[in-house]
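Chemist: Sharing a structure with you now.
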Amino acid sequence: MAEPEKIPQEEVESDAFEELYGVTEDLVDRVVDALDQEAAPEQIKAILEPLHSADIADLLEQLSAGNRERLIAVLGDDLDSEVWAYLDYSIREDIVDDLETEQLAEIVTGLASDDAIDIIEDLDEADQKELLDAIPADDRAIYEKSLSYPEESAGRLMQREVVTVPNFWTVGQTIDYMRDERIELPDDFYNLVIVDPSHKPVGLVKLSKLLRTGRDAAVSNIMAEDMKIIPATMDQEDAAFLFRQYGLVEAPVVDEEEGGRLVGVITVDDIVDVLDEEYEEDILKMGGVKEDDFYSDILETTRMRFSWLLVNLGTAIIASLVIALFAATLEKVVALAILMPIVASMGGNAGTQTLTVAVRALATNELTPSNALRIVGKEIIVGGLNGFLFAILMGLIAWGWFSDPALGAVIASAMIINLLVAGLAGTLIPLGLEKLGQDPAISSSVFLTTITDVIGFFAFLGLAAWVLL
């Protein structure tokens, strides 16, 4: 009997992913075709009905600007407010500009407070005021309080909807309270925040523990008191570090100016967004891009990238000036011009490896003043060892290529020098920028490239001038 045909593992994984993630190429094509054929709104809505709000947001991002506008017009009031929370910032900004204030107010009030603030804070001051004036007074007071906290702080990140229970209640009272249809609770929550009479958090009770405990037990007897209480003014990166460090799912937020009163709660889904944003921001900065311009138009993208390229041009000219110092040497030994880029390139790549690790370690608080000297020493040794190994390899190649052992010795020596410098600069540059209060992700790569290019060219050409001539 023939064996059944085996389906490749990659194909199985791909099919499983497509079943879980709603936006496929076929779906996008179906929506575009329906829009082009001006199909009835009911038909288009039927195509989108199985999709999660995050999938609809992804779909909108993949459509052209014209099709995006047409789809939003077709969906009208049936477009779930949650979609706006998942939309890319630049796409959302373009769409918001075309909405009436009343439409935007309806969208904002349909979102959780943290998602609403995410939209409101991106508006300029005049548009913010106009929008807040169109929002009901109770909601407006909540948003204005959140906006009073610093940008990218825990106060901006938190959601105001939180389930609190007095510390003198029993488990039975708590369960009855949560089952009361008159009480408006958040759609999703994981813990109950236990508060004292002054509304300060004194403990957390997991829902799983609450449901496994008898009704007569006091919540104060089952609450966890060793919780992490986050000040509303704390930077969101520091809050994210606490979540990652201690495996938190939820953490209460307090306003220290109000005597430590509970004002909200941060949940792990918000922290995931912060980690994603910070990672994306660092990657973009290291590439010389100030912000994600994937959805920006051609002129805007050109403008944002020009300034960084101008800085890079300046550093390239500095490296060229070093080469110009050895113009006479290059004229006499043409082989130097062929081999010269190798030394600078190897130094730059080795330095980038060290730099990437160092910037990440600083971001995660793994690289600190207490271990900085040890890490710098390690990277110098690693650079020296790699420099020695590649020096042997490149020295032999140069010797065989140009039949000149002296030339092989020159490039080998320059390789060791530049990789040692690369290891040193790759750690000291981000540490120095951090000490000066600057973001190491922004300009470390420019300084590193300049140093490895200048040292690489100077070492190679200087040694060549001294040894060969």
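The values are calculated or read from the model by the stated rules, or taken from the named source; none is laboratory data. Predicted model only: the values in this text are computed from it and were never measured. Quick reminder, even Gly has a Cβ in these numbers, built from the backbone with ideal geometry, and neighbours come from all protein chains shown.
Chemist: Keeping to region 363-384, report how many residues are in a helix (DSSP H, G or I), in contact with a helix residue (DSSP H, G or I) (Cβ under 9 Å, 6 or more places away or on another chain) and free of Cβ contacts under 8 Å to residues at least 12 places away in the same chain.
Modeler: Within region 363-384, residues that are in a helix (DSSP H, G or I), in contact with a helix residue (DSSP H, G or I) (Cβ under 9 Å, 6 or more places away or on another chain) and free of Cβ contacts under 8 Å to residues at least 12 places away in the same chain number 1.
Chemist: Among helices (runs of 4 or more DSSP H) lying entirely in region 112-157, which contain 1 or more residues that are without any contact (Cβ under 8 Å) to a residue 40 or more places away in the chain, at negative phi and acidic (Asp, Glu)?
Modeler: Qualifying helices (runs of 4 or more DSSP H): 113-120, 125-133, 137-147.
Chemist: Can I ask one more? Which condition number does Asp133 fail, the rest of (1) under 25 Å from Val202 (Cα atoms); (2) of a type outside the set (A, V, I, L, M); (3) surrounded by fewer than 18 Cβ atoms within 10 Å (Cβ to Cβ); (4) modelled with pLDDT of 90 or more being met?
Modeler: So the condition that Asp133 fails would be (1).
Chemist: Continuing with the same structure: Where in region 1-107 are the helices (runs of 4 or more DSSP H), entirely inside, with at least 2 residues that are more than 26 Å from the chain's Cα centre (by Cα) and modelled with pLDDT under 85?
Modeler: Passing ranges, in order: 9-20.
Chemist: Oh, and also: From the set of residues in region 430-447 that are buried (at least 24 other Cβ atoms within 10 Å of the Cβ) and not polar (S, T, N, Q), which is nearest to Leu339 (Cα to Cα)?
Modeler: Across region 430-447, the extreme among qualifying residues is Pro430.
Chemist: For residues in region 363-417 being small (Gly, Ala, Ser) and under 36 Å from the mean Cα position of the chain (by Cα), which is surrounded by the most Cβ atoms within 10 Å (Cβ to Cβ)?
Modeler: Once the filter is applied, the top-ranked residue is Gly383.
Results for (1) modelled with pLDDT of 90 or more; (2) not in a strand (DSSP E or B); (3) not assigned by TED's automatic domain parsing to the domain that holds Leu448, shown as yes or no for each residue.
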residue	(1), (2), (3)
Pro186	no, yes, yes
Phe189	no, yes, yes
Pro197	yes, yes, yes
Leu204	yes, no, yes
Phe243	yes, yes, yes
Ala251	yes, no, yes
Glu277	no, yes, yes
Glu280	no, yes, yes
Val289	no, yes, yes
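Chemist: Turning to a different aspect of this structure: Within region 120-142, track down each residue that is farther than 12 Å from Leu104 by Cα and among the aliphatic types (A, V, I, L, M).
Modeler: Ala126, Ala137, Ala141, Ile142, listed by residue number.
Here's the yes/no breakdown for (1) loosely packed, with under 14 Cβ neighbours inside 10 Å; (2) polar (S, T, N, Q):
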position: Pro201; (1), (2): no, no
position: Leu204; (1), (2): no, no
position: Met234; (1), (2): no, no
position: Gln245; (1), (2): yes, yes
position: Glu258; (1), (2): yes, no
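Chemist: Pull up region 156-171, narrow it to residues that are of a type in the set (Val, Ile, Thr) and within 38 Å of the chain's Cα centre (by Cα), then point me to the one that is surrounded by the fewest Cβ atoms within 10 Å (Cβ to Cβ).
Modeler: Thr164
Chemist: Count, please, the residues in region 80-112 that happen to be charged (D, E, K, R) and under 23 Å from Glu281 (Cβ atoms).
Modeler: Within region 80-112, residues that are charged (D, E, K, R) and under 23 Å from Glu281 (Cβ atoms) number 4.
Chemist: Sticking with this structure for a sec: Given the criteria touching a Pro at 6+ places or on another chain (Cβ under 7 Å) and either surrounded by 14 or more Cβ atoms within 10 Å (Cβ to Cβ) or at pLDDT below 75 (or both), does Leu330 qualify?
Modeler: For Leu330, the condition - touching a Pro at 6+ places or on another chain (Cβ under 7 Å) and either surrounded by 14 or more Cβ atoms within 10 Å (Cβ to Cβ) or at pLDDT below 75 (or both) - is not met.
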